[in-house]
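The values are calculated or read from the model by the stated rules, or taken from the named source; none is laboratory data. Predicted model, so just to flag it, every value in this text is computed and none were measured. With ideal geometry, Cβ positions are generated from the backbone for all residues, glycine too; neighbour counts draw on all protein chains shown. Just so you know, the surface numbers come from the protein's heavy atoms only, side chains and all, with ligands and any DNA or RNA stripped out. Shrake-Rupley method; radii C 1.70, N 1.55, O 1.52, S 1.80 Å.
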Amino acid sequence: MAASINGVGGVGFGGLTCSTKTPLPSSRSSSFRVQMSVPVEDKKRNYTLQKSQEAFNAALNLMPGGVNSPVRAFKSVGGQPIFMDSVKGSHMWDIDGNEYIDYVGSWGPAIIGHADDEVLEALAETMKKGTSFGSPCLLESVLAEMVISAVPSIEMVRFVNSGTEACMGVLRLARTFTGREKIIKFEGCYHGHADPFLVKAGSGVATLGLPDSPGVPKATTSGTLTAPYNDIAAVESLFNSNKGEIAAIILEPAVGNSGFITPKPDFLEAIHHLTKENGALLIFDEVMTGFRLSYGGAQEYFGITPDLTTLGKVIGGGLPVGAYGGGREIMEMVAPAGPMYQAGTLSGNPLAMTAGIQTLKRLKAPGTYEYLDRITGELVQGILNAGKKTGHAICGGHIRGMFGFFFTEGPVQNFDDAKKSDAAKFVRFYQGMLREGVYFAPSQFEAGFTSLAHSPEDIQKTVAAAENVLSKI
């Protein structure tokens, strides 16, 4: 597959050369240079991460931990964080020239594949008009109509700039509408890095082994109650001991931030019933699952309609975006229609709206989710078969374009079960797969993602690589 990795002249940031023609001032603390773009003819050389190592050393002096999101630092898998140079379709190329089949998909947004030609063409046309207006534009209404028509729970929507921001807004809205303060979240579910949610969180918090985050006041989390995922009795107990105080339950309907964990039969229905019975709202955090498990998200797939929904990732087509939405009566509490204040400088910006519109158009095509289901099923079953063939305890599963596996017999039904996975074995597997040209998320506690750009050949190569690695660890 073609990629934009032709060698170009480099310029310095901290002594690190970037693919641009405009010279930037060099950092005073660095004395080396790395050419980030890689000539095509160098692609097949022996696996090395020398340039990524040099780039990371420079980045350590510029950014905390050398990265802008913790899991990228490879803390839980060891070895060298990889600096990417280009992406196309289902493949990625790093600055050392290594090529990978990618199952991270920019952590979910790349559901139609990286750098899709139609999306890039639409973005180029939009950029001719400007990148941000700071005022309403027609593209906001176009994407809003698409989201409202697709997602069962949403009658009105507010666009923001990230999943974290969406979850912050929806929590404030739930408290405003109900007049209550307490919320229930589930252990290992991650709803962004806002203070109220950093209690028994998954994702990077789990990856780094942090129990919570320093700097979060006790008063901020005193209204956050937690229960194990898939445990109805625990939720009933929380409602019984906090009568009339709980504003909402927020959950990932299928968990992606403790690895990939699916709900037990009737779990979501029971949660829905409990919220109705107790006058609380049900919030589905569909930042990961929205437009990925089905065009209408997890709520369409499972047949459960929440009161409020958060979205992100896919609806921005690879650009920063988030959204929250729900019934008209609730959403009209949001300013300027109502008293609950929330605002954002770049919310609804034309570039993110354009990429989202083009992505959702592609997802509406017949056979989209059947294809995702087929290739992801073949991938997961192939890895499980390879694990069992080579004598490893392994379990896993998928729904459409989202998947995960654990090095334990299972079943994995909550975060405590996920923590029983053999983390040391995952590290060996992960590093081996990198050398085979396969890029999974650098954490046992993250879901994987496939795309429409993944080919049967990608899947076959990945399964063969997995069997090869598993036979050696």
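Tabulated data
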quantity	calculated
Residue in the range 394-409 that is surrounded by fewer than 20 Cβ atoms within 10 Å (Cβ to Cβ), assigned to a strand (DSSP E or B) and not assigned by the TED database to the domain that holds Gly318 present	yes
2 or more residues at pLDDT 95 or above and over 22 Å from Pro336 (Cα atoms): qualifying helices (runs of 4 or more DSSP H) within the range 65-180	117-127, 138-150
Residue within the range 334-348 that is out of contact with any strand residue (DSSP E or B) (no Cβ under 9 Å at 6 or more places or on another chain) and either crowded, with 23+ Cβ neighbours inside 10 Å or not in a loop (DSSP other than H, G, I, E, B) (or both) present	no
Identity of the residue in the range 96-142, buried (at least 18 other Cβ atoms within 10 Å of the Cβ) and aromatic (Phe, Trp, Tyr), that ends up nearest to Leu434 (Cα to Cα)	Tyr100
Yes/no for Lys313 being of a type outside the set (Gly, Ala, Ser) and either open to solvent by less than 40 Å² (accessible area, probe 1.4 Å) or within 24 Å of Gly344 (Cβ to Cβ) (or both)	yes
Selection from the range 410-426 of residues that are touching a Ser or Thr at 6+ places or on another chain (Cβ under 8 Å), charged (D, E, K, R) and part of a helix (DSSP H, G or I)	Asp417
Test: residue in the range 104-118 that is over 21 Å from Thr368 (Cβ atoms) and in contact (Cβ under 8 Å) with a residue 24 or more places away in the chain	no
Enumerated helices (runs of 4 or more DSSP H) restricted to the range 200-241, each holding at least 1 residues that are at pLDDT 60 or above and under 16 Å from Tyr190 (Cα atoms)	218-221
Residue identified as among the aromatic types (Phe, Trp, Tyr), open to solvent by less than 10 Å² (accessible area, probe 1.4 Å) and under 30 Å from Thr376 (Cβ atoms) among Phe267, Phe260	Phe267
Among (1) part of a loop (DSSP other than H, G, I, E, B); (2) in contact (Cβ under 8 Å) with a residue 60 or more places away in the chain, the one test that Ile304 misses	(2)
